[in-house]
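What follows is calculated from the coordinates using simple rules that are stated; it is not laboratory data. Since we're looking at a predicted model, the values are computed, not measured. Reconstructed Cβ throughout: ideal geometry from the backbone, glycine too, with neighbour counts over all protein chains shown.
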Amino acid sequence: MISILLLSWERHEALAKTMTHNLSGCGAPYELLVCDQGSKDYRVIEHIESWHPLYFRRNNKNEGCGKAFNQLYLRSRGDHIALMSNDILWPENWGKTMLNYSYQLKEKCGMIGINWGHSGTPPLTEKFGIKAHWLNAKLNRIFGPTMIPRHVIDMVGLYSEDFGPYGIEDSDQNERV
């Protein structure tokens, strides 16, 4: 099962479109955990509640991405953790596709990213018999739509909470993975 961790803040239209598209198009069993970072627009809260998340953290203010994702992670149960924003549309069957990569790679799997907004650049390369965008000297970070097997997070640790609300916690975790 995939634990989808979603951060939200305002932007009802983007959130509604993204949640509907990404959750409906997952293609695999999932649980949803959400942290809202202080939205004042009641439609944001109502839309999130309509999806009946396993856990819904409603903050009065933005506590930062690192802390919010960590709090959701601590309440999640899935073998894979997907970090979802409130404004990036993921491809159809993204969950099934990412799980397939993870299961094929087993213990060799680190972070799995989705091709979004970079039009397939750089070209795909092959490793372990799988064609993908493997990290190398030129492609050395995964940002945005990301899935991480739980055992990897257990090995490298949660996000650092030492950065600002939109610090470099994702770069820091990339380095550790």
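Brief remarks follow.
- Filter on 17/108; 17/96; 17/106 - keep pairs with C-alpha separation over 23 Å: 17/108; 17/106
- Rg and Dmax [Cα atoms of segment 42-113; Å; Rg one decimal, Dmax integer]: 14.6, 43
- Considering segment 1-60 at the alpha-carbon level, its Rg and Dmax are found to be 11.0, 33 Å.
- The trypsin sites (Lys or Arg not before Pro) of segment 27-107 meeting both criteria, a DSSP state outside H, G, I, E and B (loop) and at most 11 other C-beta atoms within 10 angstrom of the site's C-beta, are 40, 61, 77.
- Within the shell defined by Cβ-Cβ distances under 9 Å, the residues around residue 11 carry a net charge of -4, with Lys and Arg each +1 and Asp and Glu each -1.
- Only one residue of 83, 70, 20 has its Cα farthest out toward the positive end of the dipole of segment 1-110, where Lys and Arg carry +1 and Asp and Glu -1 on Cβ, and that residue is 70.
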